[in-house]
Number of protein chains: 2
Amino acid sequence: MRDKILGFLRKRQDYISGDYISHRLGISRQALWKHVQDLRDSGYEIVAVPHLGYKLTAVPDRLFISEVSNRLNTRFVGRNIYYFDSVISTMDIALQLGLKNCPEGTVIIAETQTKGRGRIGRQWFSPRYKGIYFSCILRPKILPYATPVLTLLTAVSICEAIKNMLSLDVQIKWPNDILLHNKKLGGILTELNAEMDEVRFIVIGVGLNVNNDKRSLVEGATSLKEHIQENINRVELLQEIMQRLEGNYILFQEKGSHAIIEKWRHYNITLGRRVRVLHNKEYIEGEASDIDSDGSLLLRKDSGLVHKITSGDITHCR
Amino acid sequence: MRDKILGFLRKRQDYISGDYISHRLGISRQALWKHVQDLRDSGYEIVAVPHLGYKLTAVPDRLFISEVSNRLNTRFVGRNIYYFDSVISTMDIALQLGLKNCPEGTVIIAETQTKGRGRIGRQWFSPRYKGIYFSCILRPKILPYATPVLTLLTAVSICEAIKNMLSLDVQIKWPNDILLHNKKLGGILTELNAEMDEVRFIVIGVGLNVNNDKRSLVEGATSLKEHIQENINRVELLQEIMQRLEGNYILFQEKGSHAIIEKWRHYNITLGRRVRVLHNKEYIEGEASDIDSDGSLLLRKDSGLVHKITSGDITHCR
């Protein structure tokens, strides 16, 4: 009902009669008033003028389902959303939902995470209302070993969304760091639930620093606001990311990993550089010469020997 | 308390005074009597004779925790057991427990599964009290792509247990079919929860036909009883499997997949044979020439070209 009332207010963009809304929705004026109060409590600014009716003058800076779903241009990504003001980790909820056969494209959004997860047991700092923290469940028909390309796909989608909306040149450091001027802007965590023969589902987790001020950023990190100098509409950015994610996911399914890797090359700052990586408990150093079709990094040592690196932390040497 | 009373009865193997037990356990004679009744309801045969006391004369044919834990010779596999008379699938419960950080080696046992899972969405027929159906949670420090060897490891453990206890020569058809005289005796399902960088946990599921008569077997299947002609002690067999599983798992961690694959070769009936397999949506045929260190099958076509098969159903051609 809340969403339907919002729908009327949004469509009109001017005063709309309370009689009209309550008549159309089959509720009493009193019930309508109660819902409007409710919306105001959630941060929607709604002006009420006798004889004129209601007018929506501002929406809150929240990733509410009603906001994120509004004019969302996707087929399945974000068509089923769970929203939390605070949560331990959107990944944990996504894993539970995945096991319960939730539809593909289900998205879990949180305004803050008390224990947001990064790679390899690291934590992701998720200050409330500042960033975009979400997990998305996908069910690709691929073998478990082919899943790392989905991390690349997500990184590409984030870069494209930011480039398109804010004209900022974001970079990808293999495999999943999103950088802006060499500082960390975002990260991607991919978790997998699979049989040996097939993937049951994958959860892609995204953490992105958006409207963080300096004091809500960890060292070495940056936010979009630091570069744009004003608050960014998180709803629009999240919608753009979800749309790109779906588009690239469909591209991947139709054309294979090759099409994704081509896009990834465009944003990456790792290939061609001298890097160092912890591999089988020892550091190896060499040139990041190429990326394999499964998303692995090919590292060419000075001896000419090429190592295939499936995961790990790389350091750009210079 | 139940387990403690059973402990006294088992240790004595003769009549043991009720006064003695209740004194040692600090409970009343009446309370002891109630527990004994309870045990009888569960199928334990306990004789009570005035002035002599209680005597355990028979244990039920159930995979109760008290039975499976009794004299179990493992360090972690089966040290934490969940037992169900009936369950949808032990795999589902294991996945939930795995996400909740249950200890490594946690085992979920069921007497029957209403929807026991086989590979690729198939069903595993689990008639009540006839077979052994369990799932075990492991947390190996390996990368996701290295996990298929755990399926081989489990297959080896089952073969060793049956060979040791019943002197039956069981065979493995790649990757995970346990055969006896070319009929299906058991299956293994391996499920994985992982980040791209590390495995969070693996669930190994085992379904084994033990005391099935012909009418509780699907076509093409066999049971141990069909060959031994008498009922097999399921508790002992399960304990033996868990012990072998732990031993091989430790071997794998210490010596790597090579040690497991060597054992696997000994039981396998696939290598050296002409096989056919559905690979990337087309059938390919050739000789099953070897097994790779990650557990993949190497198939050599007549052209000499070698394909690496990571999963799928193979047909032995002759």
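Overview of results
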quantity: Residue match in the range A:100-110 (condition: under 30 Å from residue A:297 (Cα atoms), more than 14 Å from the chain's Cα centre (by Cα) and modelled with pLDDT under 95); calculated: no
quantity: Candidate set: the range A:146-170, residues that are at pLDDT below 90 and buried (at least 22 other Cβ atoms within 10 Å of the Cβ); chosen: the one farthest from the other protein chains (Cβ to nearest Cβ); calculated: A:147
quantity: Boolean, residue B:244 is in contact with a helix residue (DSSP H, G or I) (Cβ under 9 Å, 6 or more places away or on another chain), of a type in the set (Lys, Arg) and within 14 Å of another protein chain (Cβ to nearest Cβ); calculated: no
quantity: In the range B:37-87, residue surrounded by the fewest Cβ atoms within 10 Å (Cβ to Cβ) [restricted to those that are hydroxyl-bearing (Ser, Thr, Tyr) and part of a loop (DSSP other than H, G, I, E, B)]; calculated: B:42
quantity: Members of the range A:93-119 found to be under 28 Å from residue B:141 (Cα atoms) and either in contact (Cβ under 8 Å) with a residue 40 or more places away in the chain or buried (at least 19 other Cβ atoms within 10 Å of the Cβ) (or both), listed by number; calculated: A:93, A:94, A:95, A:97, A:98, A:99, A:113, A:116, A:117, A:118, A:119
quantity: Some residue of the range A:109-119 being under 16 Å from residue A:311 (Cα atoms) and within 14 Å of another protein chain (Cβ to nearest Cβ); calculated: yes
quantity: Residue match in the range B:154-170 (condition: touching a residue at least 40 places away in the same chain (Cβ under 8 Å) and closer than 25 Å to residue A:201 by Cα); calculated: yes
quantity: Among the candidates B:42, B:66, B:86, residue that is among the small types (Gly, Ala, Ser) and free of Cβ contacts under 8 Å to residues at least 40 places away in the same chain; calculated: B:42
quantity: Which listed residue, of A:199, A:203, is assigned by TED's automatic domain parsing to the domain that holds residue A:144 and modelled with pLDDT under 95; calculated: A:199
quantity: Residues of the range B:266-305 classified as part of a strand (DSSP E or B), of a type in the set (Val, Ile, Thr) and either out of contact with any Asp or Glu (no Cβ under 9 Å at 6 or more places or on another chain) or more than 14 Å from every other protein chain (Cβ to nearest Cβ) (or both), total; calculated: 3
quantity: Filter result (of a type in the set (Phe, Trp, Tyr) and in contact with a strand residue (DSSP E or B) (Cβ under 7 Å, 6 or more places away or on another chain)) within the range B:237-264; calculated: B:249, B:264
quantity: Members of the range B:16-36 found to be under 26 Å from residue B:68 (Cβ atoms) and not in a helix (DSSP H, G or I), listed by number; calculated: B:16, B:27
quantity: Any chance residue A:94 is touching a strand residue (DSSP E or B) at 6+ places or on another chain (Cβ under 7 Å), modelled with pLDDT of 95 or more, among the hydrophobic types (A, V, I, L, M, F, W, C) and part of a helix (DSSP H, G or I); calculated: yes
quantity: Strands (runs of 3 or more DSSP E) contained in the range B:163-228 and holding at least 1 residues more than 20 Å from residue B:116 (Cβ to Cβ); calculated: B:171-173, B:183-195, B:199-209
quantity: Single unsatisfied condition, residue A:98 versus (1) farther than 30 Å from residue A:12 by Cβ; (2) away from every other protein chain (no Cβ under 14 Å); calculated: (2)
quantity: Unique residue being in contact with a Cys (Cβ under 9 Å, 6 or more places away or on another chain) and not assigned by TED's automatic domain parsing to the domain that holds residue B:9 when the list is B:106, B:112; calculated: B:106
quantity: Matching residues in the range A:171-210 - criterion: being within 14 Å of the chain's Cα centre (by Cα), of a type in the set (Val, Ile, Thr) and either surrounded by fewer than 24 Cβ atoms within 10 Å (Cβ to Cβ) or within 13 Å of chain B (Cβ to nearest Cβ) (or both); calculated: A:178, A:188, A:190, A:203, A:204, A:210
quantity: Single residue of A:308, A:263 found to be assigned to a strand (DSSP E or B) and out of contact with any Lys or Arg (no Cβ under 8 Å at 6 or more places or on another chain); calculated: A:308
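Here's the yes/no breakdown for (1) out of contact with any Leu (no Cβ under 7 Å at 6 or more places or on another chain); (2) β-branched (Val, Ile, Thr); (3) closer than 23 Å to residue B:233 by Cβ:
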site: B:20; (1), (2), (3): yes, no, no
site: B:28; (1), (2), (3): yes, no, no
site: B:60; (1), (2), (3): yes, no, yes
site: B:71; (1), (2), (3): yes, no, yes
site: B:76; (1), (2), (3): yes, no, no
site: B:80; (1), (2), (3): yes, no, yes
site: B:87; (1), (2), (3): yes, yes, yes
site: B:93; (1), (2), (3): yes, yes, no
site: B:103; (1), (2), (3): yes, no, no
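The values are calculated or read from the model by the stated rules, or taken from the named source; none is laboratory data. Keep in mind it's a predicted model, so treat the numbers as computed, not measured. We place every Cβ from the backbone using ideal geometry, glycine too, and count neighbours over all the protein chains shown.
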